[in-house]
Amino acid sequence: MQKVEVVPRSLEDLAGQLTPEQAERLRTAAARARQVLAGRVVWSVSSTATGGGVAEMLHAMLGYVAGAGVQTGWLVLAADQDFFRITKRLHNAIHGIPDGAWTAFQHEYYERVLRRNVPELLRHVGPDDIVLLHDPQPAGLVGPLRDAGVLVVWRSHIGRDVPNEASAAGWEFLRPYLEPADGFVFSRRQYAPPWVPADRLWVIPPSIDPLSAKNRPLSADERLSILLGAGLLAGGRPVGSARVQGAPPPPPDLPLVVQVSRWDRLKDMAGVMLGFAQLPASVRDAHLMLAGPAVEEVSDDPEGAAVLAECLHTWRGLPAGVRERVHLASLPMHDPQLNAIMVNALQRHAAVVVQKSLVEGFGLTVAEAMWKARPVVASAVGGIQDQIVDGRDGLLVPDPYDLPEFAAAVARELGDPVLARRLGHAAHVRVRDHFLGDRHLGQYAELFETLLNRRSSRPAG
Ligand code: UDP
């Protein structure tokens with residue numbers, strides 16, 4: 001296992017981004033957490049320290065937890081590509097994408113890899129500690145941790161609003177591992193499978209960190225020099241950090257539509273291009289940039305390279321006149337801060353940010369763009385629906401497969417600066433009020449307090 005360094009962050013800095021009432025709520029939650037968790041470490045276990053929403057959130061939130069005076073640690077699983085192929089299938093299944101049956105061998109392999117992680121895990125974790133296991137990859141560690149007397153919470157960042165056969169099969173794979181958990185956390189109530197007992201179920205949506213490299217304010221000059229320097233816009237003298245495929249980098253002065261995602265079919269980067277191709281002539285000066293991680297630098301997602309290749313295939317099939325305005329950017333991942341600042345600059349530079357996911361657990365990229373007061377067009381799926389009230393904080397496309405609707409919504413935002421400004425402003429307020437650390441930390445403090453109270457009232461033996 002790899003131990004990830006958690007750098008403490010100042011809660012007062014975060015409080016400075018909040019309304020006075022929220023800042024007070026944050027201080028109260030921190031004081032409560034310090035008291036309840038004194039002498040314990042809160043551990044997170046995940047599958048990667050870089051790339052994707054879970055890593056993003058852990059870097060931010062754990063820093064604030066440490067800054068609040070709570071001892072915290074983060075461990076990353078040691079696993080191989082075969083393990084991640086199984087867990088990627090699980091991830092897809094829980095999102096409702098069928099991919100064959102599960103075999104005893106897959107169970108056995110999954111368990112074997114996790115078993116190898118147990119001795120080191122238990123070297124770090126003490127019996128009074130609390131462990132948060134994130135997503136399907138470490139789910140099989142619930143049992144060994146419970147056996148060692150540790151409080152275990154499983155945190156799912158994924159889910160599907162309406163179960164189908166594939167999602168039911170995915171849950172059945174995980175169920176025997178998960179059932180003993182002391183608590184379950186989902187981003188939406190609908191995501192919980194029916195066998196999760198109501199008294200062990202918590203609904204806690206994610207949050208973003210307004211002060212991270214991903215979200216901190218950038219001046220227009222800074223933004224431009226980052227994008228020129230990265231080679232993401234034409235005209236700079238790039239130091240060669242990002243790789244732009246498809247059309248060469250776009251000029252800085254034309255409107256840019258941006259989607260930032262992992263190269264994952266469920267993010268439907270290909271569909272974004274096909275929808276973009278349907279924009280009306282009135283907004284045809286706009287360019288589109290699809291930005292994702294450099295695939296060779298992401299360890300826990302074996303499908304990334306194939307999905308990027310499929311996107312390039314789709315790009316080649318775009319009509320002339322569109323193809324020249326569509327860019328596929330691979331952002332370097334070796335330096336998370338550099339990656340984050342590029343995403344920040346891209347999101348801020350965007351005239352419109354889109355998230356055309358087919359399914360979505362939460363969609364941090366949506367909250368990130370909203371915080372930056374960008375007008376967003378997104379599919380009305382999963383947690384995106386909790387973030388955007390259609391027509392007020394952005395535009396939702398009810399059917400994620402409906403390309404003409406998607407194109408119409410993007411065209412509305414591109415063509416109407418007053419609407420774009422209004423949506424962007426409301427979006428920022430929405431994120432400030434609901435998707436920052438004060439709400440998030442407060443909910444976790446309550447969860448831990450409840451679990452510890454339950455444990456102390458459990459009869460001995
Ligand atoms: N992200 C990034 N660089 C990339 C692509 C994505 O930093 O090249 C980040 C993105 O900004 C967001 C997270 O990865 O913070 C993706 O989270 P989201 O919840 O949108 O989707 P997930 O990847 O968890 O399905």
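Computed quantities for the displayed model
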read-out: Cβ-Cβ FRET estimate between Asn453 and Asp128, R0 fixed at 22 Å, reported to 0.05; value: 0.95
read-out: Exposure ranking of Arg422, Arg112 by accessible area [1.4 Å probe, largest first]; value: Arg422, Arg112
read-out: Residue order for Ser167, Ser219 - accessible surface, 1.4 angstrom probe, largest first; value: Ser219, Ser167
read-out: Ala104-Ala380 FRET efficiency (beta carbon distance; Förster radius 41 Å; 0.05 resolution); value: 0.60
read-out: Restraint check, Lys3/Lys88; Lys3/Lys372; Lys214/Lys356, Cα-Cα greater than 26 Å; value: Lys3/Lys372
read-out: Amide H partners (placed H, <5 Å) of Trp43, local residues excluded; value: Gly73, Ile130, Val131, Leu132
read-out: Dipole of the chain [Lys/Arg +1, Asp/Glu -1 at C-beta], most positive-end residue of Val354, His59, Ala445; value: Ala445
read-out: Computed over the chain: relative contact order in percent, which uses C-alpha pairs under 8 Å that are six or more apart; value: 16
read-out: Solvent-accessible area, 1.4 Å probe, carbon plus sulfur percent, for segment 209-285; value: 55
read-out: ³J(HN,Hα), Karplus 6.51/-1.76/1.60, whole Hz, each residue of segment 223-231, x for Gly, Pro; value: 4, 5, 5, 5, 6, 5, x, 7, x
read-out: Segment 177-333 - Rg (one decimal) and Dmax (whole number), Cα, Å; value: 19.6, 58
read-out: Which of Pro176, Leu331, Ala281, positive extreme of dipole for the chain (C-beta unit charges); value: Leu331
read-out: Three-way shape label, segment 248-407, alpha-carbon gyration tensor, a/c 1.5; value: rounded
read-out: Cβ charges +1 (Lys, Arg) and -1 (Asp, Glu), total dipole of the chain, debye; value: 480
read-out: Length-normalised contact order of segment 168-289 in % [C-alpha pairs under 8 Å, at least 6 apart]; value: 14
read-out: For segment 253-268, Karplus couplings with θ = phi - 60° (6.51, -1.76, 1.60), whole Hz, Gly/Pro x; value: 8, 9, x, 10, 9, 10, 10, 10, 7, 5, 7, 9, 4, 5, 7, 6
read-out: Listed residues Gly231, Gln259, Ser187: farthest to the positive end of the dipole of segment 117-259 (Cβ charges); value: Gly231
read-out: Three-way shape label, segment 382-449, alpha-carbon gyration tensor, a/c 1.5; value: oblate
read-out: Rounded percent of accessible protein surface that carbon and sulfur make up, segment 326-461, 1.4 Å probe; value: 54
read-out: For the chain, Kirkwood radius (reciprocal of mean inverse C-alpha pair distance, Å); value: 22.7
read-out: Heavy-atom surface of the chain, accessible at 1.4 Å and reported per residue (Å²); value: 39
read-out: Linear extension gain, His434 paired with Ser219, 0.36 nm per residue minus alpha-carbon span; value: 74.9 nm
read-out: Highest to lowest packing among 403-409, 414-420, 132-138, scored as the average C-beta count within 10 Å; value: 132-138, 403-409, 414-420
read-out: Two-site FRET efficiency, Glu12 against Asp335, from Cβ-Cβ distance with R₀ of 22 Å, rounded to 0.05; value: 0.20
read-out: Dipole magnitude of segment 315-461, debye to nearest 20 (Cβ charges: Lys/Arg +1, Asp/Glu -1, about Cα centre); value: 220
read-out: q = 0.13, 0.21, 0.22, 0.34 Å⁻¹: log10 I(q)/I(0) that the Debye formula gives for segment 26-69, counting C-alpha atoms only; value: -0.33, -0.74, -0.78, -1.20
read-out: Under 5 Å, built H, 5+ apart or other chain: amide partners of Gln355; value: Val377, Ala378, Ser379
read-out: Per-residue HN-Hα couplings for segment 205-212 [Karplus 6.51, -1.76, 1.60; θ = phi - 60°; Hz; x = Gly/Pro]; value: x, x, 8, 10, 9, x, 9, 6
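The values are calculated or read from the model by the stated rules, or taken from the named source; none is laboratory data. These numbers come from a predicted model, not from an experiment. Cβ sites come from the backbone with ideal geometry, for glycine too, and all protein chains shown count toward neighbours. With ligands, DNA and RNA removed, areas are computed over all heavy atoms of the protein, side chains included. Shrake-Rupley method; radii C 1.70, N 1.55, O 1.52, S 1.80 Å.
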